[in-house]
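Below is one structure, written out as structure tokens; the observations come after it.
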Amino acid sequence: MDKLIITAAICGAEVTKEQNPAVPYTVEEIVREARSAVEAGAAIIHLHVRDDNGTPTQSHIRFQECEDAIYKACPGVILIPSTGGAVGMTPDERLDSTNTSPIPEMATLDCGTCNFGDEIFDNTMPTMRAFGKRMIEKGIKPEYECFEMGHLDTVLTMARKGEVPGAPMQFNFVLGVPGCTPATVDNLAWLVKNIPAGSTWTATGIGRHAFPMAAAAIVMGGNVRVGFEDNLNLAKGVPAKSNGELVAKVVRLANELGRGIATSEEARVILGLKK
Ligand code: KMH
Ligand code: ZN
């Protein structure tokens with residue numbers, strides 16, 4: 001089994017300091033959280049950015065500022081900027097995060113429309129085709145985010161038609177978003193069973209499902225995402241003081257279960273970013 005790649009989703013677009021004061025908004029706070037996650041064992045940072053007042057933005061200028069500062073603090077880390085942004089943003093607005101220099105190695109590509117709590121996360125076929133075209137043109141490897149079982153079939157069909165980048169594909173199964181596919185081992189196993197041979201995958205459990213999904217992924221040979229975007233607590237009623245604390249808990253689980261932790265360079269090889 002390959003070493004475990006841990007992704008830290010340090011910020012997200014929805015969570016606030018009112019929910020957990022360690023949620024980062026400013027560039028300095030984002031760097032602090034990225035550093036804590038990388039020092040704890042994360043190979044990848046999934047990045048959303050905010051204005052200083054906490055408002056989510058997809059401005060490439062803000063992404064550039066944050067990415068430059070993160071690379072300086074955490075040399076060699078893999079960054080996966082979000083093209084999901086926040087619910088309600090336009091496709092053009094969302095894609096602006098890919099206009100940084102250097103061009104991102106990877107970016108998320110969300111694989112279908114779904115409920116998202118009380119809202120709708122809109123990912124129409126034309127939107128996804130536009131995102132796929134951009135990533136093919138720019139040589140960006142997508143992380144295919146599936147929130148629903150049907151999202152997998154959607155993106156596999158698009159890949160067969162050449163509308164999104166193909167093999168080797170990296171999937172992130174985000175399970176437990178209210179209104180979407182529940183975070184169960186059965187659901188995760190079905191998704192994993194149906195990905196093409198040679199693909200890689202990550203499991204993300206939302207809220208209280210974060211660590212059960214992490215444990216499942218560790219033993220199933222997948223990879224794990226944790227972070228404030230998905231879960232604010234280290235345990236029931238215990239807010240995490242940093243993203244690093246969430247990553248450290250995954251490292252402890254992996255150690256107990258005998259799975260080594262990948263560095264960013266090792267993750268690049270596992271993900272096919274580097275031969
Ligand atoms: N903020 C969510 C609506 C992504 O990063 O690509 C979508 C999201 C997915 O976070
Ligand atoms: Zn995200």
*Pop out the ³J(HN,Hα) list for region 117-123 in order, Karplus 6.51 cos²θ - 1.76 cosθ + 1.60 with θ = phi - 60°, rounded to Hz; leave Gly and Pro as x.*
x, 7, 10, 10, 8, 8, 9
*Please report the orientation-averaged projected area of the chain, defined via the convex hull of its C-alpha atoms, in nm².*
12.6
*Amide H contacts of residue 145 (H built 1.01 Å from N, under 5 Å, at least 5 apart or other chain)*: 109, 110, 111, 172
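Determine the relative contact order of the chain: mean sequence separation of Cα pairs under 8 Å and six or more apart, normalised by residue count, in whole percent.
Numbers: 573 pairs, mean separation 63.8, N = 275.
Here the relative contact order equals 23 percent.
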*Send over the semi-axes of region 1-83's equivalent ellipsoid, whole angstrom and largest first, taken as the square roots of 5 times the C-alpha gyration tensor eigenvalues.*
21, 14, 12
*asked:* With a 10 Å cut-off between alpha carbons and a GNM built on the chain, which of 61, 261, 218 moves the most?
replied: 61
*Among rounded, prolate and oblate, which fits region 72-194 when a ≥ b ≥ c are the square roots of the eigenvalues of its C-alpha gyration tensor, a/c under 1.5 means rounded, and a/b larger than b/c means prolate?*
rounded
*If we restrict to alpha carbons, what Rg and Dmax does region 178-246 come to, in Å?*
12.7, 40
*Under a 5 Å amide H to amide H cut-off, with H placed in plane at 1.01 Å, what residues pair with residue 116 once short-range neighbours are removed?*
121
*How high is the relative contact order of region 1-149, given as a whole-number percent (alpha carbon pairs under 8 Å, six or more residues apart)?*
19
*Among 162, 90, 59, whose Cα lies farthest out toward the positive end of the dipole of the chain, if unit charges sit on the beta carbon of Lys, Arg (+1) and Asp, Glu (-1)?*
162
*Using a Gaussian network model of the chain whose springs link C-alpha atoms within less than 10 Å, name the residue from 62, 208, 252 with the highest mean-square fluctuation.*
252
*Which whole-Hz couplings ³J(HN,Hα) result when phi for each residue of region 18-32 is put into the Karplus expression 6.51 cos²θ - 1.76 cosθ + 1.60, θ = phi - 60°, listed in order with x for Gly and Pro?*
5, 7, 7, x, 7, 4, x, 10, 6, 4, 4, 5, 5, 5, 4
*In a GNM of the chain with a 10 Å cut-off on Cα contacts, which of 215, 73, 197 has the highest mean-square fluctuation?*
197
*Which order do 71, 144 fall in if you start with the one that has the fewest other Cβ atoms within 10 Å?*
71, 144
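A short reminder: the numbers here are calculations on the coordinates, not readings from a lab. The shown structure was predicted, so the numbers you read here are calculated from the model rather than taken from an experiment. Here the Cβ is made from the backbone with ideal geometry for all residues, glycine too, and neighbour counts use every protein chain on show.
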